1. Across the range 252-258, in residue order, what do the Karplus-derived ³J(HN,Hα) couplings come to in whole Hz, using 6.51 cos²θ - 1.76 cosθ + 1.60 with θ = phi - 60° and x for Gly and Pro?
2. Calculate the spin-label point distance for I114 paired with F209, positioning each point 7 Å from the Cα along the beta-carbon direction, and give it in nanometres.
3. If a/c stays under 1.5 just call it rounded; otherwise compare a/b with b/c (prolate if a/b is bigger, oblate if not). Do that for the range 143-205, with a ≥ b ≥ c from the square roots of the Cα gyration tensor eigenvalues.
4. Return the ratio Rg/(2.2 N^0.38 Å) for the range 114-270, where Rg is computed over Cα atoms only.
5. When Lys and Arg each count +1 and Asp and Glu each count -1, what net charge do the other residues less than 12 Å away from G176, Cβ to Cβ, add up to?
6. Fewest to most neighbouring Cβ within 10 Å: what's the order for L147, L172, L270?
7. Given 0.36 nm per residue, what is the gain on full extension from M220 to F238 after removing their alpha carbon distance, in nm?
8. Starting from 0.36 nm per residue, how many nanometres of slack lie between A253 and H154 once their C-alpha separation is accounted for?
Amino acid sequence: MTSTSHDPRAWQRPEDSASRPASARLVDPEDDLPSSNYAGDFETTAIPRYDSNTSKSEHSGYGLLNEPEPLPYVQPAGKYQTSAAEPTEIEPDVGFGPSDERGRRGTQDLGLMILRMGLGALLIAHGLQKAFGLWGGQGLNGFQQSLVDIGYQHANVLTYVGVAGQIGAGVLLVLGLFTPVAAAGAVAYLVNALLAAVAGQSDRGSSLFFLPSGHEYLVMLLVVAVALVLTGPGKYGFDAGRGWSRRPFVGSAVALVLGVGVGVGVWVLLNGANPLA
């Protein structure tokens, strides 16, 4: 009768004796069985406490299975109870925006467009009369001769400058493009026309303002041009997105001063006559 050998080398297989290290040995299958106090998979996730007052049951991973405390955003209760926020109405912006345009400007932009296009059409019509003699106009030669009769110097150059400036300002006003510059050009032209009309008036005893011998027509055109410089073109034009259309202020005032200054300066430098003499 043979007995089981307790020599570790007897447990080795012959084919593994050469490849395995000398310290290798077989593992007892009973070592893999769980112990009697094994807590399951939560045993590895439990964080042990090291205070002396903690009971042994709290060290177990089963403590994580207890009902968690309510969170404010999951179960609002008690001190975590929050009141529902009610929506508040946001007041519209008081600036020049879409709501302000629709609700507060009303027909203002439509009125500005009518004034702008009306003055532009009149300037274009009078410019075409001077340039091509349309609608009973005098043409370039007649316009140049009238400038000479009034007393302008360099009338041959001033004829083309005046006609081109009048038609160009009218086209820009109709389109609503570069409106302060166009209206300022119209102011300069109308100032010269008014001074020339006053200087060339033969009947000094009649009124200087009311028609038929006065100049109220030119005065009203000049007033409209000044108003367009200061108010801007409105939103019905190519300048609708520009600053001088939304809130004209300093730039429009400067354009008005330049327009009046150019008109008076051309009269003083190229004519020099006192219109009231």
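Each value in this text was obtained by applying a stated rule to the coordinates, not by laboratory testing. None of the values given here were measured: they were computed from a predicted structure. All Cβ positions, glycine included, derive from the backbone under ideal geometry; neighbour counts span all protein chains shown.
1. Using θ = phi - 60°, the values come out as 5, 5, 5, 4, 5, 5, 5 Hz.
2. 2.5
3. Oblate is the answer for the range 143-205, as a/c is 1.5 or above yet b/c matches or exceeds a/b.
4. 1.05
5. Here the charged neighbours net out to +1.
6. L270, L147, L172
7. 3.9 nm
8. Extra length from A253 to H154 when fully extended: 32.6 nm.
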